[in-house]
1. Scan the range 186-199 and give yes if some residue there is open to solvent by less than 70 Å² (accessible area, probe 1.4 Å), modelled with pLDDT of 95 or more and in contact with a strand residue (DSSP E or B) (Cβ under 9 Å, 6 or more places away or on another chain), otherwise no.
2. Any chance you could count how many residues in the range 126-141 are polar (S, T, N, Q), over 10 Å from the mean Cα position of the chain (by Cα) and either buried (at least 20 other Cβ atoms within 10 Å of the Cβ) or closer than 15 Å to HIS165 by Cα (or both)?
3. Output the residue which, of all residues in the range 135-152 that are out of contact with any Pro (no Cβ under 9 Å at 6 or more places or on another chain) and of a type outside the set (A, V, I, L, M), is nearest to VAL28 (Cα to Cα).
4. Just to be sure before I move on: is ALA148 outside any helix (DSSP H, G or I) and open to solvent by 60 Å² or more (accessible area, probe 1.4 Å) in the structure I sent?
5. Quick one: in the range 48-78, which of the residues that are of a type in the set (S, T, N, Q) and closer than 28 Å to GLY193 by Cβ is most open to solvent (accessible area, probe 1.4 Å)?
6. Which of the numbered conditions does TYR81 fail, given that it passes all the others? Conditions: (1) part of a strand (DSSP E or B); (2) open to solvent by less than 50 Å² (accessible area, probe 1.4 Å); (3) aromatic (Phe, Trp, Tyr).
7. Within the range 84-112, restricting attention to residues that are among the polar types (S, T, N, Q), touching a strand residue (DSSP E or B) at 6+ places or on another chain (Cβ under 6 Å) and in a strand (DSSP E or B), which residue is surrounded by the most Cβ atoms within 10 Å (Cβ to Cβ)?
8. Please work out if VAL140 is modelled with pLDDT of 95 or more and closer than 21 Å to PHE82 by Cα.
Amino acid sequence: MVLAFGALLSWQASAHPHSFISMQSQLVASGGQLTAITMRWTMDEITSADLLYDAGNAKPGDEVWKRLAAEVMANVLGQHYFTEFWHGKQKVKFENRPTSYGLSREGHKAVLTFTLPLATPQPLAGQTYQFSTFDPTYFVDMHYDKDAYVTLPADAPKGCKLSVHTPKPNEDLTNYALSLDKADAPPEDMDLGKQFAQQVTLTCP
């Protein structure tokens, strides 16, 4: 069985977005330290179709949902959660496995939720962090529909702020991305998806 989502996220020979994922992220903190990011990825209807077909009429919590979630999550882990997290010029590492994950149906769309743990908790007071989530090949467009879809930890120190920067690639780059078909691949060192990726900045006083 080839899952549409898994095939899309593991296919490194395509670019111009042929799949779209709407994201929501909530930062998680404990004792004044950042510990994880809880993510919610809603796939477009075409990407979702095969997953929902395989799930059939299964109810939430049924074994088929657990199996499908594990297969999809394996593809995400194979790409380091499709996420880069930075503290200044130092890249922050993640744990190799999520602390929790699941797959569900929302109308005609499949929704993947998971908690991405940082390998080492990071202090919040007086610090600035940036993170972004993207497919390097830009075959999958991963985006926040609203800045409000990224939220602070429930117990974040007073004064912490989040901002979401949405890049505006120049016309040449945009036209290049649009010209790529499923059989085309941008040069690896171009990191095409990163140039279209939204960047989230967390700043705490």
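1. yes
2. As a first pass, look at the range 126-141 and keep what is polar (S, T, N, Q): 127-128, 130, 132-133, 137.
Now narrow it down to the ones that are over 10 Å from the mean Cα position of the chain (by Cα): 127-128, 130, 137.
Filter once more, so that each one left must be either buried (at least 20 other Cβ atoms within 10 Å of the Cβ) or closer than 15 Å to HIS165 by Cα (or both): 128, 130, 137.
Residues that pass the stated criteria total 3.
3. The residue in question is THR151.
4. On the way: outside any helix (DSSP H, G or I): no; open to solvent by 60 Å² or more (accessible area, probe 1.4 Å): yes.
So ALA148 fails the test.
5. Quick first cut of the range 48-78, residues of a type in the set (S, T, N, Q) only: 48, 57, 75.
Then keep just the ones that are closer than 28 Å to GLY193 by Cβ; that gives 48, 75.
Numbers: SER48: 0, ASN75: 41 Å².
Step by step, filter the range 48-78, then rank; the result is ASN75.
6. (1)
7. Residues of the range 84-112 that are among the polar types (S, T, N, Q), as a first pass: 90, 96, 99-100, 104.
Remaining after also requiring touching a strand residue (DSSP E or B) at 6+ places or on another chain (Cβ under 6 Å): 99-100, 104.
Now restrict to residues that are in a strand (DSSP E or B): 100, 104.
Details: SER100: 11, SER104: 16.
Selected residue: SER104.
8. On the way: modelled with pLDDT of 95 or more: no; closer than 21 Å to PHE82 by Cα: yes.
Against the criterion (modelled with pLDDT of 95 or more and closer than 21 Å to PHE82 by Cα), VAL140 does not qualify.
The values are calculated or read from the model by the stated rules, or taken from the named source; none is laboratory data. Since we're looking at a predicted model, the values are computed, not measured. Heads up, the Cβs are rebuilt from the backbone with ideal geometry, glycines too, and the neighbour counts pull from every protein chain shown. Only protein heavy atoms, including side chains, enter the accessible area calculation; ligands, DNA and RNA are left aside. Shrake-Rupley method; radii C 1.70, N 1.55, O 1.52, S 1.80 Å.
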